[in-house]
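The values are calculated or read from the model by the stated rules, or taken from the named source; none is laboratory data. What you see is a predicted model, and the numbers here were worked out from it, not measured in a lab. Here the Cβ positions follow ideal geometry from the backbone for every residue, glycine too, while neighbour counts run over all protein chains shown.
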Amino acid sequence: MDQGLVSLAPLAVLLPILGAALAFMLVRRPRAQIAATVSTITVTLALECLLLAATWDTGAVAVFVGGWEAPWGITLVVDRFSALMLVISSAIVLAVLVYASAQGVTDQDQGGPVSIFHPTFLILVAGVSNAFLAGDLFNLYVGFEILLTASYVLLTLGGTGPRVRAGVTYVVVSVISSVIFLIAIAMIYGATGTVNMADLAVKLAQLDPDVQMVLHVMLLVGFGIKAAVFPLSFWLPDSYPTAPAPVTAVFAGLLTKVGVYAIVRTETLLFPGDRVNVLLLVVALLTMIVGILGALAQNDIKRVLSFTLVSHIGYMVFGLGLSNVLGLGATIFYVVHHITVQTSLFLVTGLIEQRAGTANVDRLGGLARISPLIAVLFFIPAMNLAGIPPFSGFLGKVGLIQAGVGAQTTMAWALVIGSVVTSLLTLLVMVRVWTRAFWRRVEDVEHPPSKLVLAMETRESLLATAAPGDAGDRAERRAPAVTGPRGPTAGLVGPTIGLVALGLSFTVLAGPLYSFSDRAATDMLARTPYIEAVLGPEAAELAAMDIDELQDRGIVAPPDQENSGPGYLQPLDGADSEGDDAGTRPGGEVPGEPGETGDAEGGQP
Amino acid sequence: MSVNIVLLLVMGVMFAGGVYLLLERTLTRVLLGLILMTNATNLLILIMAGAPGQAPIVEDGLEPSAYSDPLPQALTLTSIVISFAITSFMLGMIYRSWKLGRRDEVLVDTEDVKVAEQPSFDAEDDAELLEETSEFLDEYEDPNADYEHATAINPSTGALPVKHQRDGSVRVRSQVGRQEKPIRGGRRAAQEPEEGEHPVGSSGHDDHLPDEDERAGSPRARPPRFPEQQRDDRRQDKRDDGPGARGRRRKGEG
């Protein structure tokens, strides 16, 4: 039955593409277009939830497109990690789509042809789904290209000066990363004669170690550019902030995570062991620190968020670089948490822009009074991102730190310290934005945008004393006629609330989610479930033997599964506990947080 | 696996040329560089196919090694299509960039420049506040009047005139604001730089990310809904023009 359900997996790619075709046909009817797009994504989301449910217990399942068997045909693989990523990405996309539709309906002077937005957005979704499902390297490349091409269009929507400037950098950098990836694919094909990832997992191990290293590093560089890890992250804060808010939101949430996903696959499936772990850890540390220092210098909220995005990619690479179940499980949890939180923050920034007319903190003020709703919606994900205890950001970071402490190496300790410092600096950055944009009075702002002043005037419904120039007279004259800028509509606030709530639900559901991501991590590090699903048990045995050989060569393979599940550091909970492990992991580490542990356990079904 | 040395050399030369062109600042050359590099990659995939042979259609009595490998050809085809799409998109973007800024170059991110030029001293965060020593201050006397002066002084341009209002608030008049002239011809005209003068995105007042006031100036924008409000916006934007806007401060007593 499960097999039958999972064979619907190609629909996760197909549906958005067909929906895009439909949306293109409805270009002249905006409302029908919106309806078509939103319903497509909803159906896709439902399908992906089914996929997740199907793989929840069974693990990896392969789908052979067109009935061609594994090493020859195109394979789509659904395992726990990819199913989880699919569900989260579609949930995010749905929220952003509703938001963007509402924005397009309410004020169309955002500088963009709205008609092209929806189909392109669906194609982006198709690319993302394809990348998550891809069972061979070239299909992964095609998925990347689909989503990148769609993102080029979305980033330069409207073709205004700043967007074209940002778009040029973005396109050139993306194409270079794709070229590097493609070169790596060509060389891998030349060396092994296959591009199927499960097949590669078996065959790459037979190559000369130096050749392996070259291929490995080339793939990592290609994916590293997409994931925006430190030395390769320069393009991101340069290009993301100029795009419209919904576009930036979905880019920040998804595109870099697709890169992280590809890195995870490379590290676990294709090149297991700890050959580049030190490199990964160094890169992770630099990404965290440099990214957050960059965020400190920024004045525009979108740019601040872009830099925190880069910085927090470091956390994910950190967990991956430990290459044990604890670290990888925490990485998966962190990816899920971060996608949601980062997207909701960008959406709230869009609300701020819509309300105040700018997202530059130097020109913002008084928002907490003007719109308490926006303030709350900003505050929760901001604290979540910074990792304040009850939130999922805290749980993810504790999981990572726990894994780092458990690893007992100097580099891991450096990372632990680095991640705590980064967390504090993130808090500082968020508090800076908060105090300026939300807490200070409008009168203290240097050049408040007219919209903000107007909103304040209408809010206070009396003559604003600090309005510039003759604003007093004008406001008086206009007061009866003009109600000032309207607050955000339900279509904008609704999806934002939904995302913030989703981010909060990860706190409540942290237990099941953590145990799920740990199981996904166990599968990926063992490699055998994936390979067995694609190529059958013989190949899986071969792959298992490769791991033993790795150990003979002095490369540390993934640790035993028995002592690395949830509750690794708490022998009392029992390493063998499959059922009751949920929620104990992050909570047990911090004695001062009984409430949060209770939360996590209370959420267990 | 036999390798065709000529193809290999051609590929190497194409990569070298592509990388060289990519390092240029001119967009057209960057595009040419990308075309060279993607084609060199296609060539690499073909080289990886090994020796050429029969068309991969099954014939009786032929060894498997006699066929040429069809997969790299499929891969090349796909990547040719992709690079074609991206090339055309880049061409469109370069054309747009040329239309907007009359510059065929990679442009500087003005926001980056602004952040880089930002002084480490931030008046709002770092200025010292004077303590209120007397309990019997006049109601309208501001213990931090000096603070207003301190923050009103822009280190690069010197002091700006500060005017004390009757109600105790302090108002800083920016010099730029005074020289402002009425603009005719709408915002589009004001935004469009002179030919060959300014790169995109650095046309004077555009020294921050486009906010809504400015996005209204996009060519696809509708006419402003409230002409009166729009004019007010323009004046507001004009105030931003001056150097070191950070130093100036308008502060009410509240």
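Restricting to region B:1-21, name every residue that is surrounded by fewer than 19 Cβ atoms within 10 Å (Cβ to Cβ) and not small (G, A, S). Spell out the reasoning first.
Filtering region B:1-21 down to residues surrounded by fewer than 19 Cβ atoms within 10 Å (Cβ to Cβ) leaves B:1-10, B:12-13, B:16-17, B:19-20.
The answer is B:M1, B:V3, B:N4, B:I5, B:V6, B:L7, B:L8, B:L9, B:V10, B:V13, B:V19, B:Y20.
Which of the helices (runs of 4 or more DSSP H) contained wholly in region A:1-59 include at least 3 residues that are touching a strand residue (DSSP E or B) at 6+ places or on another chain (Cβ under 6 Å)? Steps first, answer last, please.
Details: elements: A:2-6, A:11-25, A:30-58.
Of the helices (runs of 4 or more DSSP H) lying wholly inside region A:1-59, none has at least 3 residues that are touching a strand residue (DSSP E or B) at 6+ places or on another chain (Cβ under 6 Å).
Among the criteria (1) surrounded by 12 or more Cβ atoms within 10 Å (Cβ to Cβ); (2) more than 9 Å from chain A (Cβ to nearest Cβ), the one B:E63 does not fulfil is (1).
Yes/no per residue for (1) within 26 Å of A:D518 (Cβ to Cβ); (2) in contact (Cβ under 8 Å) with a residue 12 or more places away in the chain; (3) of a type in the set (S, T, Y):
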residue	(1), (2), (3)
A:E353	no, yes, no
A:A356	no, yes, no
A:P372	no, no, no
A:G387	yes, yes, no
A:G404	yes, yes, no
A:M411	yes, yes, no
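Could you tell me which numbered condition A:V429 fails, if it satisfies all but one of (1) within 14 Å of another protein chain (Cβ to nearest Cβ); (2) crowded, with 21+ Cβ neighbours inside 10 Å; (3) within 30 Å of A:E457 (Cβ to Cβ)? Answer for A:V429: the failing condition is (3). Scanning region A:156-168 for residues that are at negative phi and at the interface with another protein chain (Cβ under 7 Å from one of its Cβ atoms) gives A:T156, A:T160, A:G161, A:P162, A:V164, A:R165, A:G167, A:V168.
Taken over region B:85-114, the residue count meeting the criterion of being crowded, with 16+ Cβ neighbours inside 10 Å and at the interface with chain A (Cβ under 7 Å from one of its Cβ atoms) is 12.
When A:F391 is tested against (1) more than 14 Å from chain B (Cβ to nearest Cβ); (2) over 24 Å from the mean Cα position of the chain (by Cα), exactly one condition is not met: (2).
Looking at region A:356-369, which of the residues that are buried (at least 24 other Cβ atoms within 10 Å of the Cβ) and in a helix (DSSP H, G or I) is farthest from the chain's Cα centre (by Cα)? In this case the residue turns out to be A:R363.
Do you know which of the residues in region B:66-83 that are within 11 Å of chain A (Cβ to nearest Cβ) and more than 16 Å from A:V195 (Cα to Cα) is farthest from the chain's Cα centre (by Cα)? If you could, list the steps in order and put the result at the bottom.
So in region B:66-83, the residues within 11 Å of chain A (Cβ to nearest Cβ) come out as B:69-72, B:74-76, B:78-79, B:81-83.
Cutting the leftovers down to more than 16 Å from A:V195 (Cα to Cα) gives us B:81-83.
Values: B:V81: 29, B:I82: 26, B:S83: 24 Å.
Step by step, filter region B:66-83, then rank; the result is B:V81.
If you go through region A:68-86 and pick out every residue that is more than 24 Å from the chain's Cα centre (by Cα) and either farther than 18 Å from A:L5 by Cα or assigned to a helix (DSSP H, G or I) (or both), you end up with 7.
Somewhere in region A:229-238, is a residue polar (S, T, N, Q), within 18 Å of A:I180 (Cα to Cα) and surrounded by 23 or more Cβ atoms within 10 Å (Cβ to Cβ)?
Taking region A:229-238 first, the residues polar (S, T, N, Q) are A:233.
Narrowing the set further to residues that are within 18 Å of A:I180 (Cα to Cα) leaves A:233.
Subset that is surrounded by 23 or more Cβ atoms within 10 Å (Cβ to Cβ): A:233.
Yes - at least one qualifying residue is present in region A:229-238.
Filtering region B:1-55 to residues that are more than 22 Å from A:M187 (Cβ to Cβ) and in a loop (DSSP other than H, G, I, E, B) leaves B:L23, B:E24, B:R25, B:A55.
Regarding A:N324, is this residue on the phi < 0 side of the Ramachandran plot and modelled with pLDDT of 90 or more?
Numbers: on the phi < 0 side of the Ramachandran plot: yes; modelled with pLDDT of 90 or more: no.
In short, no.
Screening region A:490-602 for helices (runs of 4 or more DSSP H) wholly inside it with 2 or more residues that are at pLDDT 80 or above returns the ranges A:490-508, A:510-526, A:528-535. Going residue by residue through region A:219-229, is there one that turns out to be within 14 Å of chain B (Cβ to nearest Cβ) and within 21 Å of A:P272 (Cβ to Cβ)? So far as region A:219-229 goes, yes, one or more of its residues are within 14 Å of chain B (Cβ to nearest Cβ) and within 21 Å of A:P272 (Cβ to Cβ). Given the structure, is A:I339 crowded, with 24+ Cβ neighbours inside 10 Å, in contact with a His (Cβ under 9 Å, 6 or more places away or on another chain) and touching a residue at least 40 places away in the same chain (Cβ under 8 Å)? Considered against the rule, which asks whether it is crowded, with 24+ Cβ neighbours inside 10 Å, in contact with a His (Cβ under 9 Å, 6 or more places away or on another chain) and touching a residue at least 40 places away in the same chain (Cβ under 8 Å), A:I339 comes out as no.
For region A:440-450, the set of residues classified as touching a helix residue (DSSP H, G or I) at 6+ places or on another chain (Cβ under 6 Å) and outside any loop (DSSP other than H, G, I, E, B) consists of A:V442, A:S450, listed by residue number. Take the residues in region A:104-122 that are assigned to a helix (DSSP H, G or I) and surrounded by fewer than 24 Cβ atoms within 10 Å (Cβ to Cβ), then tell me which one is modelled with the lowest pLDDT. The residue in question is A:T106. For first residues located in region A:128-146 and more than 13 Å from chain B (Cβ to nearest Cβ) and in contact (Cβ under 8 Å) with a residue 60 or more places away in the chain, partners that are in a helix (DSSP H, G or I) and of a type in the set (F, W, Y) and lie 6+ apart or on another chain with Cβ distances below 8 Å form the pairs A:A131/A:F144; A:A131/A:Y261; A:F132/A:Y261.
Can you go through A:Y141, A:Y170, A:Y152 and tell me which one is within 26 Å of A:E69 (Cα to Cα) and assigned to a helix (DSSP H, G or I)?
A:Y141
Assess whether A:L157 counts as being assigned to a helix (DSSP H, G or I), modelled with pLDDT under 95 and within 23 Å of the chain's Cα centre (by Cα). Walk me through it before giving the result.
On the way: assigned to a helix (DSSP H, G or I): no; modelled with pLDDT under 95: yes; within 23 Å of the chain's Cα centre (by Cα): yes.
Judged against the criteria, A:L157 is not a match.
Residues in region A:189-209 that are at the interface with chain B (Cβ under 9 Å from one of its Cβ atoms) and in a helix (DSSP H, G or I) were compared, and the one that is surrounded by the fewest Cβ atoms within 10 Å (Cβ to Cβ) is A:G190. Within region B:1-58, the residues that satisfy the criterion of being β-branched (V, I, T) and in contact (Cβ under 8 Å) with a residue 12 or more places away in the chain are B:V3, B:V10, B:V19, B:T26, B:T28, B:V30, B:I35, B:T38, B:T41, B:I45, B:I47.
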